[in-house]
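Before any comments, here is the structure.
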Amino acid sequence: MTIDTSIVEETNELARPSQAPATGALSVASRRSKRGGPRKFLFLRNAKALTGLAILAFFLLIAIIGPWIAPYDPSARSDDVLQPPSWEHWFGTTHLGQDVFSQILVGTRGVIVVGFVAGIVATTIGVIVGVTAGYVGGLGDESLSVLANVFLVIPQLPLIIIIAGQLPTVGGVTVALVIAITGWAWGARVLRAQTLSLRRRDFVEAARANGERTWRIITAEILPNLTAIIAAGFVGTVGFAVLSLITLSFIGIGNTGEWNWGTVLYQAQSQLALQRGAWWWFVPAGLCIALLGMSLTLINFGIDEFVNPRLRSTGLNAKTLRKRGIRPRIGFTPVVREAKEDRA
């Protein structure tokens, strides 16, 4: 039996280039391992997430120590009426001589408490309803889905205003619970859809075949894969709760004796601060609302980039993109590829 030498030479020539990409891939992998090692804590390496967490941590710190470091009693009156910002009153004073800076510091606690209480309660209800409906299926799924759909079609803010207006006393925790009861449905629907997708995956079927209990499958197999969605829903609910509290306080619903940023804006609006030129009365509260909203948005962006492989690739290769002169625009998710010199 004879073998044609031309065929052997052709086969060798085809084999040689096929080894080059593997060598290049190994060299790139080795360079990456030498340069940065294993990519851990990807979420904390995201600039948007770090910025958002830093701003949120600042407000959390103010919420804790604000009443202790406030230079004046926020309700105390003085003869310094409608004074602009000065060394004595950093954010100026109101028409009654009250210190606006002290009102902002003391009011931060009410905003943060309502936001986080509403976020925790609404997220807990959404996780219980959404995961249960998605995993159980059948009549239970249909019943819980109908309940969530009912809360979805009801306008939340008007419902919150009606419920809060009918209560004899409306404190911060009461407003947080009302917001949580009316704001859990959206997160439940998202979690239900993801659970429906996860319950037929191979690792869930394997756990079920091994005789694992239902609660064990949900807590150990399904919930860890829903962590990013739960975190994003929690952040969104906190933002909605903060805006709802400020809206209720601004229109005069609730206990106006409890200080928060909405109460500051309510008093500034009722006393015609804009017409009087007292910009220092409402601008600090507005800036605080904008900064807190921006921090929650940046955290959500960071979670999205952590979960989405394309966005995560763009974030990890941000320096490389800048060197190449690539500026990703909003609404586009570019796929980052290795340069030719990296593959060589």
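With every protein chain in place and a 1.4 angstrom probe, the accessible-area ranking of 106, 150, largest first, reads 150, 106. Solvent-accessible area of residue 117, all protein chains in place: 50 Å² (probe radius 1.4 Å, heavy atoms, ligands and nucleic acids excluded). Rg/Rh for the stretch 72-218 stands at 1.25; both radii use Cα atoms, and Rh follows the Kirkwood definition.
Can you pull the percent of the stretch 144-243's accessible area that's carbon plus sulfur, 1.4 Å probe, other chains left in place?
Ligands and nucleic acids excluded, carbon and sulfur give 65 percent.
Protein heavy-atom accessible surface, 1.4 Å probe, per residue over the stretch 181-244: 53 Å². For residue 227 and residue 162, a Förster radius of 35 Å and the Cβ-Cβ distance give a FRET efficiency of 0.50, rounded to the nearest 0.05.
Here the calculated FRET efficiency for residue 154 and residue 206, from their Cβ-Cβ distance with R0 = 51 Å, stands at 0.80, rounded to the nearest 0.05.
Here the label points at residue 58 and residue 173, each 7 Å from Cα along the C-beta direction, are separated by 3.1 nm in the simple model.
Take the Cβ atoms of residue 272 and residue 147, set R0 to 41 Å, and the FRET efficiency comes out at 0.35.
Among 216-229, 272-285, how do they line up by average Cβ neighbours within 10 Å per residue, starting with the highest?
Highest mean packing first, the order is 272-285, 216-229.
The values are calculated or read from the model by the stated rules, or taken from the named source; none is laboratory data. Not measured: the values here are computed from a predicted model. Heads up, the Cβs are rebuilt from the backbone with ideal geometry, glycines too, and the neighbour counts pull from every protein chain shown. Ligands, DNA and RNA are stripped out before the accessible areas are found, and what is left, the full protein with its side chains, is counted by its heavy atoms. Shrake-Rupley method; radii C 1.70, N 1.55, O 1.52, S 1.80 Å.
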